[in-house]
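Step one of this worksheet: look at the structure below.
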Amino acid sequence: MSNTKTYWKGLPQLTNDPEFVKHADKEFVEPGKNEDLGHSRRDFLRMMGFSMAAVSLAACEAPIRKAIPYANKPEDVDPGIPNYYASTYINGGDYCSIVVKTREGRPIKVDGNGLSGVTKGGTSAQVEASVLSLYDNYRLRGPKAGDKSTDWQTLDSEVIAKLAEIAAQGGQIRIVSNTVLSPSTKAVIERFKAKYPTAQHVQYDQASTYGMLKANEESFGTAFIPSYDFSKAKTIVSIAADFIGTWVSPIEFTKQYAATREVSAEKPEMSRHYQFESILSLTGANADYRTAIKPSEEGTVAAQIYNILASKAGAASLAAPANPIEHVEKAANELWANRGKALVVAGSNDKAIQVIVNAINTLLDSYGNTIDASRPVNFRQGNDEQMGAFINEVTGGKIGAVIFYGCNPVYDHPKGAELGAALKNVALSVSTSSTEDETASASAYKAPDHHYLESWNDAEPKKGMYSLSQPAITKIFRTRQAQESLLVWGGNGQADYFEFVKENWKNWFYGKAGNGMDFQSFWDKCLYDGVLEFPAEPVSLTFKGDLNAAAATLSSAQAGGYELVIYESYGVGNGSQANNPLLQELPDPITKAVWDHYVTISISDAGKLGINNDAEGRTQKLTLTVGNQKVTVPALVQPGQKQGTMGIALGYGRTKVGKVAEGIGVNAYPLIGMANGSLSYAVAGVKAEKTDENFQIAQTQIHQTYMGRTNVIQESTLEEFKENPKEWLEKSAKITDWEKKVDPSAVSLWKGHDYKNHHWGMAIDLNTCTGCGACVVACNVENNVAMVGKEEVINRREMHWLRIDRYYSSASDAPMNSKELEQAAENPEVVFQPMLCQHCNNAPCETVCPVAATTHSSEGLNQMTYNRCIGTRYCANNCPYKVRRFNWFKYHHNQQFYQANPAMNTELGRMVLNPEVTVRSRGVMEKCSFCVQRIQTGKLNAKKERRPLKDGEVITACQAACSSGAIVFGDMNDENSRISQLLDISKPEERPYGIDKKIGNPRAYRVLEEIGVKPNIFYLTKVRNKDREKKAV
Amino acid sequence: MMNYRAARFSIFLISAFLFLAPSLSAQTVPTDDESVKNGETLFKNNCYSCHRVKEKWTGPALAGYQNRVPSIEWTIAWVKNSAKLIASGDEYANKIYNEYNKSQMTAFTNLKDEEILDILAYVEVEAAKPDAAPVVVTEDGAAPAAGVPSAYINAIIIGMIVILLLLLVVLGFIVSTLKRVVENRNLSEEEKEVVESPITLSTVTRSPGFIFLVIFLVTTVGFKTVIDGLFTIGVQQGYAPKQPIAFSHKIHAGENEVNCKYCHTGVMKGKQANIPSPNICMNCHTQIKTESPEIKKIYAAIGYDPATGTYSGKTEPIKWVRIHNIPDLAYFNHAQHVNVAGIECQTCHGPIEEMEVVYQYSLLTMGWCIDCHRKTEVNGKDNAYYDKLIQLHEQSKGKNNKMKVEDIGGLECAKCHY
């Protein structure tokens, strides 16, 4: 049973590292020798004297504050009341339909748009963080020619003159971009091409799926990527596709996947997920069965699965290596048993593997069931071959003019360095990047584009599904929308892109979807909804790929050297938003590292290379040699990493990026190789050498420990759950009263509370939580949480109100720190647990505060009053969940944190702050407030309309951000609320409004139930869809 | 084809409705009390700043409108959007427009037809009332302070002082009597020394008891003064800074009885009551007091040229001096107090209608907030949000115990601090 499992937060805990033991009972690290944290007594008296004088002086005359109303108040803007606009997040091929919250004309928060049929209200960490990128200090203030500022007219006339000259000589013109999702932008590019016949549009993607496009072309005749529907799948096999984290459309997939992971006593069913991969990815961490393989074995897995299925289906088999790989046969058998409800995906960009996977899905009858070919997706349209050819043309001096539209290939293309060097020989180079990034710096003209929150645009993420972008703020700088620039340079005069988009929508969609409305009403409706979706037109596919040819080109393991996996970072993604501290300080879901770049290595390889990680993240650097590229990065020992493989993230090592990301890590793009005509994110034959250089990686993984208390994670398998859903409950901790063992909640020193109005509570489903971290970023943005920077994280002083604890576990009875456990750690199971203030009904923090700065509300909230707090930190000390955060510094208006926390230290950055939430000062404690500002707003709206509060009106920021719907917040007094339904709450008759509600859901438990603090947050047990293991005799 | 048919059908329906509409009762002015009452509220909130029933104000007196306007439908159209009516070339509309120096009436597109009819109902009822009906303004007196009234405390203190003085006199008599008795007896040397030792001022002032008493009193009083002083830091009661424009609430809210909500548009909606932007001033001041130097400042702010009646588009916001400064750490929402609780503006802002220059009337300290939350009853009338709470409160505390703000968590920290 679950309780015999051993959970550990990181290797240092497993190996009982002395540093870990030393700090295990300390929430915060002691100030270091050189750190001047406090002041001497003398300083104190001096300051005291000064401040007394200052206070008495200040009292003589209060500062005069101004109140400045609008000169001409816009009709729809009321100070203090937010406005919401439906829009679309577009970053290359990354897409999310969103609703932007603005206050007095400033976007301050981005939420998902529930009307979208693609993202269905989900968001990701990058989408949530993008609002701060709008206020990035590194953005260009206006157009530039070379290093000199210029104005748009001058720039236009020069660019047009040069284009005309180049066109007259028949010189080649290229527009280079990432995937373009917008049909109107494509129309703009077409107009440009019509004016300049030698112009071509080259698209590339940082995370390319060109191999898939080519495989589909070969298999089905058209180069497309179909829509996948994980929600219809009972058996999911992923061969190194990180579909929850980064692959193609993670927001959408997370939502679908989570739907198959919801388990209840009424519906004790869930999907089974097999993952074959080399690095421990977010998707692998959520899998039921995870097999660590080398990247070179991905093809083998696909071929072996195909052969097993083919033998059942009576089809011819392939030539495939016969080396046994764990779980392949089991997975294949289950796939076959669940034909029509099965899905196989592969993350590889190798055409051959994708062809085999297409064949597998054809055998499994997935097309038309779990794969929808009638809705091709447009997220990745990049063409690796074209892009490679383009760079060769530039280096060969064959290109006359190049316009980089919103892309940064000098940084994020493997041959970027060559391109960057060759650009100075190109007659005309223009970049529309909104920052002076690597490509813009290398280009002659900088024609900065608006941020997406300042832009008009449209998007077609999937065939027949459209969405609109509208500006939520007037342009902050002298920027101009890139599409407008292209229209102007294409000889369309001073074109207005807004009118252009509107005209397109009139021509393309109004006729089809107008429904008798006049065009203005139709347009207004589209703008209001943000999306416009048409039904799909069915298509039929016939597989006609050449499997044997594909099998023949499968790469085989090469002797010697390591295999390196190059993956997109979960925080900074492909690096385009690297200058965003919200993403830099978002702990990586797996490694829990922040502000750092590293190479992940397996435990046994660490032993071989002599790498030693300690509990404080101290490690050594490794020099990796890939072909003729050499990089030196710190090594991070990662459980679950396949022996003989290493992993390195993209998105770091930016050189022209701004203060935040300056000097973090190395650029991994040049390490990307080629395979079967497309970029290959796994390279073999990598040499690794240990250097003498030491390095400390900031990791949050073993901060905030539970002091050896158990009952934090509850888990079960589906089979056990079906047999006895309450089994874990029977085995859970009991306490002894004067005569017998009882349930811990039955005994209390306290009288409890009565919540007559609302009783706010939260339920977090550990089964659907994927650990992605969108909630963490959403919480930071909503609640003005300070970013503290790497040094302070090392000092265990991160300020996140919401953290996601990642536990490894091993199904083993072996005691902690034993050799046996260490072996299990080679491929552990993973559980994610979002941890935030539990809003205890018997809150231990409240009883120890000497000034009553933390108190209990009549709605079940544990309130924190900053202006009352004197910073004794007794509350943090007494908090069993370690969720309270202390302001060790003044994080706002403080040059020391200028780099890490621009949102509070720059004029521009401060525009993002939520005016409803106090910015905390030095010396006070803070913690999750259950988004009390949202609760108060929701209540007030109900009161104003003279009606009871409806369920769903108040949602917390974390809940809104969660794509998988793992977080449910609501009023537990309201019988019809979602949380009451989910937890199956019934009120006890003797005290209906008391704290002890009867919880009927057999999966619900409270963390550390045995200590009797009675939290208002319930967790639903993790259920793994695993077969019962036969005990070894 | 289908669409065309559907469209034709709907056109038929609409025209049928329009044809039938005048015969519907909706277009006659109602007379029931409910409508009149509703009309009164609507009139005060929307019309009162420019119209009176019997007097000519910014706009015409409304009494007897029914004899002047072409029809009720015309009136509704006029109220909703007079500019449209004028532009359509309507004869009477243009006549009125020209009569009032081409000053445009605000368009009330948000008012429903029935609401406009209610207003008209009120106007008719009000016009029928005899003149000079004295308006009785009722004001709620402040609730008497709990506990012993201060007058009693003073009486008790004075009484005690009198008693103490009497005691002193009596003691004096006793001392002198005893002295006389002692003088008549034979005393030993030691006894004499004691008896004859003089009680002078210096012996008293040097006595340890006296010194202790004096130090104690000085320290206590000093401490109390310092504490009281510290509590007044940042309290700006009575603060009345000079404003960039000498705007008088006395003229607007007092003499002309412009509804507060007419200018402070956010007060029912949200956190801020809103200082009106100059475009609201312009609703009236394109016509009224156009020559005043103070009004010229408004014109400058909004870029209006009174000579041509045009706007230049160049604006310069007015920098008012903020009077009510609540610290950032405290959250206050006007809508909760004015809309939900129905509190009068004057409760916190004082006799604003008498203020030539606005000053801070209330303390605006946390104690002041708390005090009110302790005393004030929750206004749960016709508000379903509070129904369950009031029911539960009455169940536990009895029908006569009214539910105060404090009873539903009005004193909790996170109601104002987050």
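Scanning the range A:159-200 for residues that are within 26 Å of A:M465 (Cβ to Cβ), assigned to a loop (DSSP other than H, G, I, E, B) and among the hydroxyl-bearing types (S, T, Y) yields A:T179, A:S182.
Out of the residues in the range A:380-435 meeting the condition of being within 28 Å of the chain's Cα centre (by Cα) and assigned to a strand (DSSP E or B), tell me which one is surrounded by the most Cβ atoms within 10 Å (Cβ to Cβ). Filtering first and then ranking leaves A:S431. Identify, please: which residue in the range A:898-928 is over 21 Å from A:R797 (Cα atoms) and of a type in the set (D, E, K, R) and is, among those, farthest from the other protein chains (Cβ to nearest Cβ)? My answer is A:E907. Picking from residues in the range A:62-81 that are of a type in the set (A, V, I, L, M) and at the interface with chain B (Cβ under 7 Å from one of its Cβ atoms), the one that is nearest to A:G105 (Cα to Cα) is A:I81. Please verify whether B:Q346 is free of Cβ contacts under 8 Å to residues at least 24 places away in the same chain and surrounded by 15 or more Cβ atoms within 10 Å (Cβ to Cβ), treating the condition exactly as stated. Yes: the conditions hold for B:Q346.
Which helices (runs of 4 or more DSSP H) does the range A:201-289 wholly contain that include 1 or more residues that are at pLDDT 95 or above and within 21 Å of A:V831 (Cβ to Cβ)? Quick ask: steps written out before the conclusion?
Working: elements: A:210-220, A:250-259, A:282-286.
Hits in the range A:201-289: A:250-259, A:282-286.
Against the condition loosely packed, with under 12 Cβ neighbours inside 10 Å and farther than 15 Å from B:W320 by Cα, how does B:V214 come out, does it pass? For B:V214, the condition - loosely packed, with under 12 Cβ neighbours inside 10 Å and farther than 15 Å from B:W320 by Cα - is met.
Residues in the range A:929-946 include none that are more than 11 Å from chain B (Cβ to nearest Cβ) and either touching a strand residue (DSSP E or B) at 6+ places or on another chain (Cβ under 8 Å) or surrounded by fewer than 17 Cβ atoms within 10 Å (Cβ to Cβ) (or both). Within the range B:304-349, the residues that satisfy the criterion of being more than 8 Å from chain A (Cβ to nearest Cβ) and in contact with a strand residue (DSSP E or B) (Cβ under 6 Å, 6 or more places away or on another chain) are B:Y304, B:Y311. Any residue at all in the range A:189-203 that is farther than 27 Å from A:G382 by Cα and among the aromatic types (F, W, Y)? No, every residue in the range A:189-203 fails to be farther than 27 Å from A:G382 by Cα and among the aromatic types (F, W, Y). Of all the listed residues (B:K319, B:K297, B:K289), the sole one being of a type in the set (D, E, K, R), at pLDDT below 90 and over 22 Å from A:L940 (Cα atoms) is B:K289.
So in the range B:392-405, with the set limited to residues that are of a type outside the set (G, A, S) and surrounded by fewer than 16 Cβ atoms within 10 Å (Cβ to Cβ), which one is nearest to the other protein chains (Cβ to nearest Cβ)?
Initially, the range B:392-405 is screened for residues of a type outside the set (G, A, S), giving B:392-395, B:397, B:399-405.
Retained after the next criterion (residues that are surrounded by fewer than 16 Cβ atoms within 10 Å (Cβ to Cβ)): B:394-395, B:397, B:399-402.
On the way: B:E394: 12, B:Q395: 10, B:K397: 12, B:K399: 17, B:N400: 19, B:N401: 14, B:K402: 16 Å.
Only one residue fits best here, namely B:Q395.
No other residue among A:R806, A:R797 is more than 21 Å from A:T717 (Cβ to Cβ) and either at pLDDT 95 or above or basic (K, R) (or both) apart from A:R797.
Just one of the listed residues (A:V118, A:V110, A:V77) is in a strand (DSSP E or B) and either within 25 Å of A:C769 (Cβ to Cβ) or in contact with a strand residue (DSSP E or B) (Cβ under 9 Å, 6 or more places away or on another chain) (or both), and it is A:V110. Determine which member of the set B:I153, B:I199 is aliphatic (A, V, I, L, M) and either surrounded by fewer than 10 Cβ atoms within 10 Å (Cβ to Cβ) or modelled with pLDDT of 90 or more (or both). Just one listed residue meets the conditions, B:I199. The selection criterion, being in contact (Cβ under 8 Å) with a residue 24 or more places away in the chain, away from chain B (no Cβ under 11 Å) and crowded, with 23+ Cβ neighbours inside 10 Å, does not hold for A:N887.
Here are B:I245, B:I251: which of them is surrounded by 12 or more Cβ atoms within 10 Å (Cβ to Cβ) and touching a Lys or Arg at 6+ places or on another chain (Cβ under 6 Å)? Before you say what the answer is, go through the steps one by one.
On the way: B:I251 fails: touching a Lys or Arg at 6+ places or on another chain (Cβ under 6 Å).
Every option except B:I245 fails the conditions.
For the condition closer than 30 Å to B:W320 by Cα, more than 12 Å from chain A (Cβ to nearest Cβ) and either surrounded by fewer than 17 Cβ atoms within 10 Å (Cβ to Cβ) or not hydrophobic (A, V, I, L, M, F, W, C) (or both), B:Y418 does not qualify.
Identify, from the list B:V235, B:V267, B:V321, B:V258, the residue that is over 28 Å from A:E104 (Cα atoms) and not polar (S, T, N, Q). It would help to see each step written out before you state the result.
Working: B:V267 fails: over 28 Å from A:E104 (Cα atoms); B:V321 fails: over 28 Å from A:E104 (Cα atoms); B:V258 fails: over 28 Å from A:E104 (Cα atoms).
Answer to the check: B:V235.
When residues in the range B:349-388 are screened for being outside any helix (DSSP H, G or I) and either touching a residue at least 24 places away in the same chain (Cβ under 8 Å) or surrounded by fewer than 17 Cβ atoms within 10 Å (Cβ to Cβ) (or both), 20 of them pass.
Pick from B:C260, B:C284: which is closer than 17 Å to A:K73 by Cα and more than 9 Å from every other protein chain (Cβ to nearest Cβ)?
Working: B:C260 fails: closer than 17 Å to A:K73 by Cα.
Being closer than 17 Å to A:K73 by Cα and more than 9 Å from every other protein chain (Cβ to nearest Cβ) holds for just one of B:C260, B:C284, which is B:C284.
Among the residues of the range B:215-232, is there at least one that is within 30 Å of B:R322 (Cβ to Cβ) and either assigned to a loop (DSSP other than H, G, I, E, B) or in contact with a strand residue (DSSP E or B) (Cβ under 8 Å, 6 or more places away or on another chain) (or both)? Yes, the range B:215-232 contains a residue that is within 30 Å of B:R322 (Cβ to Cβ) and either assigned to a loop (DSSP other than H, G, I, E, B) or in contact with a strand residue (DSSP E or B) (Cβ under 8 Å, 6 or more places away or on another chain) (or both). Of all residue pairs spaced 6 or more apart or on separate chains, those with beta-carbon atoms under 9 Å, a first member in the range B:226-242 that is within 11 Å of chain A (Cβ to nearest Cβ) and a second member that is loosely packed, with under 12 Cβ neighbours inside 10 Å and part of a loop (DSSP other than H, G, I, E, B) are B:G234/B:P327; B:P241/A:I64. Screening the range B:49-79 for residues that are of a type in the set (S, T, Y) and within 23 Å of B:T286 (Cα to Cα) and picking the one that is nearest to the chain's Cα centre (by Cα) gives B:S49. Considering the range A:615-707, the qualifying strands (runs of 3 or more DSSP E), each wholly inside and each with 2 or more residues that are farther than 23 Å from A:W8 by Cβ and more than 26 Å from the chain's Cα centre (by Cα), run over A:618-626, A:629-637, A:673-675, A:682-696. Would you check if A:T854 is within 14 Å of chain B (Cβ to nearest Cβ) and either of a type in the set (D, E) or buried (at least 23 other Cβ atoms within 10 Å of the Cβ) (or both)? Against the criterion (within 14 Å of chain B (Cβ to nearest Cβ) and either of a type in the set (D, E) or buried (at least 23 other Cβ atoms within 10 Å of the Cβ) (or both)), A:T854 qualifies.
Would you say A:V110 is under 23 Å from A:N783 (Cα atoms), β-branched (V, I, T), out of contact with any helix residue (DSSP H, G or I) (no Cβ under 9 Å at 6 or more places or on another chain) and more than 7 Å from chain B (Cβ to nearest Cβ)? Spelling it out, it is not the case that A:V110 is under 23 Å from A:N783 (Cα atoms), β-branched (V, I, T), out of contact with any helix residue (DSSP H, G or I) (no Cβ under 9 Å at 6 or more places or on another chain) and more than 7 Å from chain B (Cβ to nearest Cβ).
The set of residues in the range A:947-966 that are within 14 Å of chain B (Cβ to nearest Cβ) and under 15 Å from A:V110 (Cβ atoms) contains only A:A957.
The values are calculated or read from the model by the stated rules, or taken from the named source; none is laboratory data. Quick caveat: nothing in here was measured; it's all calculated off a predicted structure. Counting neighbours? That spans all protein chains shown, and the Cβs are built from the backbone with ideal geometry, glycine included.
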